[in-house]
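Visitor: Sharing a structure with you now.
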Amino acid sequence: MKIELENIMFIVLIRIIFAFMFYSHKKFKPFSKNQKKIFITRIIIYMLLILSFANISIKIKGRNITTIFLMDASESASDFKSLGKDFITKAIEEMPRGNKSGVVLFGYDTKLDQGISKSKEYRSLGEVPIVTSTDIESAIERAYSLFEKSTSKRIVLITDGEENKGDMLKSIPIINNNNI
């Protein structure tokens, strides 16, 4: 877990607000119960406003994430096939411990290139789909069928986008409904 603070100047305001609140508390000592509640509420509101302006963000490293890489293996994408494999290899090596990954190659059909595993190494099975066309829709549906229910789901699509079979836009409801 990592906490980042972008606008440190607003943190200086916290001290100023506390000094103001302390001064007003000393000056107007006899508080009723309602006035004390109002005073405390104001302190909380001022603190939350200052913290929101300070732009504090908490980054939590993802755990229990399954990433499926979909790589276009069609003829139109043959120029960047080695770049795609290098990208997948590097991404799998840099994944946090405990995350899983898998690779699906697609063209006219889909082939599982690496099953879902925690391995930090990309080992291709060597199966190649029919390369005469590109069907991103069936690749996304195949990736969805591989996900386990108890993990967070991520799909990384590596393609030239020249789809000539199926319609990738039909897969959007699957992606949205399953928080992929």
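The values are calculated or read from the model by the stated rules, or taken from the named source; none is laboratory data. Quick caveat, the model's predicted, so the values are computed rather than measured. Cβ coordinates were reconstructed from backbone atoms using ideal geometry, including for glycine residues, and neighbour counts include every protein chain displayed. Only protein heavy atoms, including side chains, enter the accessible area calculation; ligands, DNA and RNA are left aside. Shrake-Rupley method; radii C 1.70, N 1.55, O 1.52, S 1.80 Å.
Table: residues versus (1) polar (S, T, N, Q); (2) open to solvent by 40 Å² or more (accessible area, probe 1.4 Å).
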| position | (1), (2) |
| --- | --- |
| Phe87 | no, yes |
| Gly102 | no, no |
| Gln114 | yes, no |
| Ile140 | no, no |
| Asn177 | yes, yes |
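Visitor: If a residue must be of a type in the set (Phe, Trp, Tyr) and touching a residue at least 12 places away in the same chain (Cβ under 8 Å), how many such residues does region 19-57 contain?
Guide: The qualifying residues number 3.
Visitor: Now for a separate question. Please go through region 125-151 and give me each residue that is modelled with pLDDT of 75 or more and either in contact with a helix residue (DSSP H, G or I) (Cβ under 7 Å, 6 or more places away or on another chain) or on the phi > 0 side of the Ramachandran plot (or both), ordered by number.
Guide: Matches in region 125-151: Thr134, Ile136, Glu137, Ile140, Glu141, Tyr144.
Visitor: Something else about it: When both residues are 6+ apart or on different chains and their Cβ atoms are under 6 Å apart, which pairs have a first residue that lies in region 164-180 and is part of a helix (DSSP H, G or I), and a second that is surrounded by 11 or more Cβ atoms within 10 Å (Cβ to Cβ) and of a type in the set (A, V, I, L, M)?
Guide: Met168/Ile136; Ser171/Ile140
Visitor: Same structure, new question: Among the residues of region 118-130, write down those that are under 21 Å from the mean Cα position of the chain (by Cα) and open to solvent by less than 40 Å² (accessible area, probe 1.4 Å).
Guide: Ser119
Quick grid of which residues meet (1) at pLDDT below 80; (2) among the acidic types (Asp, Glu):
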| site | (1), (2) |
| --- | --- |
| Asn64 | yes, no |
| Asp79 | yes, yes |
| Glu94 | no, yes |
| Arg123 | yes, no |
| Lys153 | no, no |
| Asp167 | yes, yes |
| Ser171 | yes, no |
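Visitor: Could you identify the single residue in Ser76, Ser133 that is touching a residue at least 60 places away in the same chain (Cβ under 8 Å), within 15 Å of Thr159 (Cα to Cα) and surrounded by fewer than 20 Cβ atoms within 10 Å (Cβ to Cβ)?
Guide: Ser76
Visitor: Let me ask something else about it. Kindly provide the set of residues from region 78-106 that are part of a strand (DSSP E or B) and either among the hydrophobic types (A, V, I, L, M, F, W, C) or farther than 22 Å from Asp135 by Cα (or both), ordered by number.
Guide: Lys100, Val103, Val104, Leu105, Phe106
Visitor: Out of Phe10, Phe28, Phe53, Phe20, report the one residue that is modelled with pLDDT under 75 and either open to solvent by 100 Å² or more (accessible area, probe 1.4 Å) or among the charged types (D, E, K, R) (or both).
Guide: It is Phe28.
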